[in-house]
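Please read the structure below before turning to the comments.
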Amino acid sequence: MDQPFDYDAELRRYHERLQAAAKVGPDDHVLDIGCGTGLTTRDAARRAASAVGVDISAQMVATARGLAEQEGLRNVAFEQADVQDHAFPSDRFSLGISRFGTMFFTDPEVAFTNIARALRPGSRLVQLVWQDSKHQEWYAVFRGAQRTEPVTGGAFSLADPATAQRILTAAGFTGIQVTDVREPVYYGRDAETACEAASSLRMTQDLVAGLDPTQAEHARQRLLADLAAHQTPDGVWFDSRAWIITAHRRRD
């Protein structure tokens with residue numbers, strides 16, 4: 001079985017940014033949206049009264065539960081669910097957080113409305129989302145290796161602040177603030193490791209889906225060369241830009 005991509009390693013610098021922006025306090029009850037293997041949820045739980053992580057991937061949720069048990073955390077829980085229609089308890093949480101977990105909703109307004117219902121009136125939502133693909137060096141390298149045209153949507157569906165503001169406002173949020181953050185992302189200790197990691201990503205797999213074996217191998221060699229060009233003594237890193245978007249559930 002292929003090793004799953006290590007998002008925690010990739011996003012380690014952004015993890016610190018999210019922690020600083022979230023300002024989790026000892027009385028908080030935290031909802032972590034798109035929690036993956038639960039690093040953000042577990043770190044929140046160490047500072048909060050409780051934390052619940054939700055992700056659509058059963059495999060990631062199982063890993064998150066195992067890690068929380070290993071770490072002896074008793075105030076954390078994980079649920080495998082689609083945030084768009086999951087029956088969260090109303091007004092349950094005092095803080096919502098997400099580390100690049102809110103960009104893939106098929107109906108974002110419905111999803112954020114459901115999130116708003118789960119938050120207490122006045123509670124904050126703090127999320128990290130990618131800026132436009134043109135600001136992502138990692139994306140340019142992966143796309144260039146396959147020689148494909150840039151795409152919109154998907155990981156970049158909330159890249160336009162005006163779009164994000166419109167969706168959040170319609171979903172019941174107010175006081176929306178968008179902050180520019182720039183951090184490098186990590187892909188592995190060397191080009192070969194980074195190539196293997198990148199190849200496990202659905203985005204990369206989609207880019208090569210239409211290639212024949214010869215074309216796919218040529219694309220892999222181009223990717224390896226580009227990854228080698230980004231190798232440093234500390235591994236393979238790419239520049240990137242994101243938004244930290246904060247908002248408050250409207251007080252009805």
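Summary of values
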| quantity | calculated |
| --- | --- |
| Qualifying residue in the stretch 74-81 (condition: in contact (Cβ under 8 Å) with a residue 12 or more places away in the chain and in contact with a Phe, Trp or Tyr (Cβ under 8 Å, 6 or more places away or on another chain)) | no |
| Those residues of the stretch 41-64 which are closer than 17 Å to F93 by Cα, open to solvent by 10 Å² or more (accessible area, probe 1.4 Å) and part of a helix (DSSP H, G or I), in sequence order | R42, D43, R46, R47 |
| Single residue of the stretch 200-241 satisfying the filter (under 18 Å from the mean Cα position of the chain (by Cα) and open to solvent by 90 Å² or more (accessible area, probe 1.4 Å)) that is modelled with the lowest pLDDT | R202 |
| The stretch 166-194, subset in contact with a Lys or Arg (Cβ under 6 Å, 6 or more places away or on another chain) and surrounded by fewer than 14 Cβ atoms within 10 Å (Cβ to Cβ), residue farthest from R120 (Cα to Cα) | R182 |
| Qualifying positions in the stretch 104-119 - among the polar types (S, T, N, Q), open to solvent by less than 40 Å² (accessible area, probe 1.4 Å) and either free of Cβ contacts under 8 Å to residues at least 40 places away in the same chain or closer than 19 Å to A51 by Cα (or both) | N114 |
| Residue in the stretch 104-119 that is over 13 Å from V30 (Cβ atoms), in a loop (DSSP other than H, G, I, E, B) and aromatic (F, W, Y) present | yes |
| Of all residues making up the stretch 120-150, the number that are among the aliphatic types (A, V, I, L, M), buried (at least 17 other Cβ atoms within 10 Å of the Cβ) and at pLDDT below 95 | 2 |
| Residue check for S98: closer than 27 Å to A198 by Cα, outside any helix (DSSP H, G or I) and modelled with pLDDT of 95 or more | yes |
| A197 being open to solvent by less than 30 Å² (accessible area, probe 1.4 Å), at pLDDT 95 or above and either of a type in the set (S, T, N, Q) or in contact with a helix residue (DSSP H, G or I) (Cβ under 9 Å, 6 or more places away or on another chain) (or both) | no |
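The values are calculated or read from the model by the stated rules, or taken from the named source; none is laboratory data. Only a predicted model underlies this, so the values are computations on that prediction, with no experimental measurement involved. Methodologically, a virtual Cβ is constructed for each residue, glycine included, from the backbone with ideal geometry; neighbour enumeration extends over all protein chains shown. For accessibility, only protein heavy atoms count, side chains too; no ligands or nucleic acids. Shrake-Rupley method; radii C 1.70, N 1.55, O 1.52, S 1.80 Å.
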